[in-house]
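Trainee: Quick one: the structure is below, and I'll ask about it shortly.
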Amino acid sequence: MVSNEQVSEPAVTRWTRATVYPDMWVDPDDDPRETEAEVVDERGVLLESLRHYRLTLEMKCAGLDAEQMARRSAAPSTMSLLGLVRHLTEGERHFRRVMAGQDAPQLYRTEEDRDGDFNGAIADPAVVEAAWRQWRTEVELTDRYLAGVTDLATLNAGYSDLGAEPGGQLQLRDALAAHAGEYARHCGHADLLRELIDGRVGQ
């Protein structure tokens, strides 16, 4: 006879590699996000925020195998760390479609499966490797675009579905703020997902 009682998941103990501050991911001297570069203007602040959150995503996924990367939070959610990598890859392409007008169609999402970035995040090492490779490619292409545009008032060259008026004009400053904000939002999800996986916590 099968019991109706739910089988509880094994308890996960919270832990961190940090020795200076016990609520941090790593010690300050080991944090790749910390630099001595001085940020002096609005553009620098926006770019530094984006760099910071991209690195945070990588840190939150460090040291995990394919099964852990694809492990979902709790039903009915399909969210996983691998899904977040794929989702934010789509975000990089979306940014360039809007601002640069580039031909960068969606890679994972379709009309039939609008959550394909998450639904297709399966526990296969090849899928994980491909996701990271694609994410890094898209990040490099976005950064290449940003390196060539210094004026934050630059308007979108593609169709914008951001802002109060879809199809309207959007300044680079607003697009960058939204892009960094999307990473920040999902890094919050990554915090919880990682703690559920192996108990590791930190900034």
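Trainee: In segment 171-186, what count of residues is obtained for those that are buried (at least 19 other Cβ atoms within 10 Å of the Cβ) and not aliphatic (A, V, I, L, M)?
Mentor: Here the count works out to 3.
Trainee: Now for a different question. List the number of the failed condition for residue 189; all other conditions in (1) in a helix (DSSP H, G or I); (2) surrounded by 13 or more Cβ atoms within 10 Å (Cβ to Cβ); (3) free of Cβ contacts under 8 Å to residues at least 60 places away in the same chain hold.
Mentor: Checking residue 189 against (1) in a helix (DSSP H, G or I); (2) surrounded by 13 or more Cβ atoms within 10 Å (Cβ to Cβ); (3) free of Cβ contacts under 8 Å to residues at least 60 places away in the same chain, the one that fails is (3).
Trainee: From the set of residues in segment 108-137 that are at pLDDT 95 or above and polar (S, T, N, Q), which is surrounded by the most Cβ atoms within 10 Å (Cβ to Cβ)?
Mentor: Looking at residues that are at pLDDT 95 or above and polar (S, T, N, Q), I get 134.
Trainee: Among all residue pairs at least 6 apart or on different chains, which show Cβ distances below 8 Å where the first residue, located in segment 145-162, is at negative phi and the second is surrounded by 15 or more Cβ atoms within 10 Å (Cβ to Cβ) and modelled with pLDDT under 95?
Mentor: Matching pairs, first to second residue: 155/170; 156/170; 160/170; 162/170.
Trainee: Moving to a separate point now. Being surrounded by 13 or more Cβ atoms within 10 Å (Cβ to Cβ), among the hydrophobic types (A, V, I, L, M, F, W, C) and in a loop (DSSP other than H, G, I, E, B) is the filter here; which residues of segment 150-170 pass it?
Mentor: 152, 157, 162, 170
Trainee: Quick one: which helices (runs of 4 or more DSSP H) sit completely within segment 1-107 and have at least 3 residues that are open to solvent by less than 70 Å² (accessible area, probe 1.4 Å) and over 19 Å from residue 195 (Cβ atoms)?
Mentor: In segment 1-107, 42-61, 81-99 are the helices (runs of 4 or more DSSP H) which contain 3 or more residues that are open to solvent by less than 70 Å² (accessible area, probe 1.4 Å) and over 19 Å from residue 195 (Cβ atoms).
Trainee: Can we say residue 140 is at pLDDT below 95 and either on the phi < 0 side of the Ramachandran plot or more than 20 Å from the chain's Cα centre (by Cα) (or both)?
Mentor: So residue 140 does not fit the description; no.
The values are calculated or read from the model by the stated rules, or taken from the named source; none is laboratory data. Quick caveat, the model's predicted, so the values are computed rather than measured. Every residue, glycine as well, gets a Cβ built from its backbone with ideal geometry; the counts of neighbours run over all protein chains shown. These area figures cover heavy atoms from the full protein model, side chains too; ligands, DNA and RNA do not enter into them. Shrake-Rupley method; radii C 1.70, N 1.55, O 1.52, S 1.80 Å.
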